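Before any comments, here is the structure.
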Amino acid sequence: MSSEGNAPTFAVIGGVKAFLPKGYETRLIETSFGNVNAHFSRAAGRNIVIVHRHVGGVEHVPPHRINYRAIVMAIKQLGVERIISLNSVGTMKNHPIGSIVLAEDFLDHTKSRVSTFYNDRTVHVDMTEPYCPQIRQVIKDVLKKKNLVFSEGVYVCTEGPRFETRTEIRMMSQFGDIVGMTGVPEVVLAREQGLCYASVCIVTNNACGLGEKKITTSEVLDVLEDKNKLLFDIVVETIGQLPEDRSCNCRHSTIDACL
Ligand SMILES: [Zn+2]
């Protein structure tokens, strides 16, 4: 892999109110799953592409209707091998609001989403380590260097768009740490394409029934407004510190996986 030329080598998938640096160029990327608006820029001396997952035909695409396959395929078509995803989450384990949790595994509680590129043949992609260990290690180093509060945890993805019930949170908190609506199937689709994928989650609220009052979208947006520039800075620093060569096994997850 080389950062020479104009081709991007990193992708950032941003969530609600995601940040865009100055001086980007937007191009429409056509895929067989739909078109994606991609913003091209430079970060830490490398070419990057940024996709905002909630931006589409309607003003704000709800999480269960995001075209995850088009987004991941557009990134793949650009020749990018590494994705850093930004996700907002509720905490089920009392993480401080505004703190960062790196996803280390996931639980899939989605219901109606197309979760695979392999509809015509049987491919059992390996999910032993869904989030790229090499990228995660560099992100952890960056967070430590910046003295930021962070932890690692299991991401539970719900279908949405409603928030969860108290009983659902009670059940999910037995196995998971944070809950969100956009992490799956994105991570699965990236792995099916042999891409490295890491998720930096920002805690915007307590999960339903764990806070003192009901969750409002304005409290979520306030935290994101406040933290999105910081998140982007973390991403840029991570991109700058990552070695060019992939030392992980992410690209091999479909080897010996086909029936
Ligand atoms: Zn990897």
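Could you grab the pairs with beta carbons closer than 9 Å, sequence gap of 6+ or different chains, first residue in the stretch 243-259 and more than 20 Å from Thr116 (Cβ to Cβ), second one within 14 Å of the ligand (Cβ to nearest atom) and basic (Lys, Arg)?
Arg246/Arg82
When you check Glu164 against the structure, is it more than 16 Å from the ligand (Cβ to nearest atom), in contact (Cβ under 8 Å) with a residue 24 or more places away in the chain and of a type in the set (D, E, K, R), yes or no?
Yes, satisfied.
Kindly evaluate Gly183 against the criterion of being modelled with pLDDT of 95 or more and not in a helix (DSSP H, G or I). First the steps, then the outcome.
Values: modelled with pLDDT of 95 or more: yes; not in a helix (DSSP H, G or I): yes.
Considered against the rule, which asks whether it is modelled with pLDDT of 95 or more and not in a helix (DSSP H, G or I), Gly183 comes out as yes.
Tell me yes or no: at least one residue of the stretch 185-201 is buried (at least 22 other Cβ atoms within 10 Å of the Cβ) and among the aromatic types (Phe, Trp, Tyr).
yes
Give me the strands (runs of 3 or more DSSP E) completely within the stretch 30-137, filtered to those with at least 1 residues that are within 16 Å of the ligand (Cβ to nearest atom), ordered by residue number.
Numbers: elements: 34-43, 46-52, 82-91, 100-109.
It comes to 82-91, 100-109.
Quick one: count up the residues across the stretch 231-259 that are away from the ligand (no atom under 15 Å from the Cβ) and farther than 20 Å from Pro8 by Cβ.
Selection size over the stretch 231-259: 4.
Conditions first: (1) of a type in the set (Lys, Arg); (2) part of a helix (DSSP H, G or I); (3) touching a residue at least 60 places away in the same chain (Cβ under 8 Å). Lys144 passes all but one, so which condition is the exception?
(3)
The values are calculated or read from the model by the stated rules, or taken from the named source; none is laboratory data. The structure displayed is predicted, hence computed values, not measured ones. Quick reminder, even Gly has a Cβ in these numbers, built from the backbone with ideal geometry, and neighbours come from all protein chains shown.
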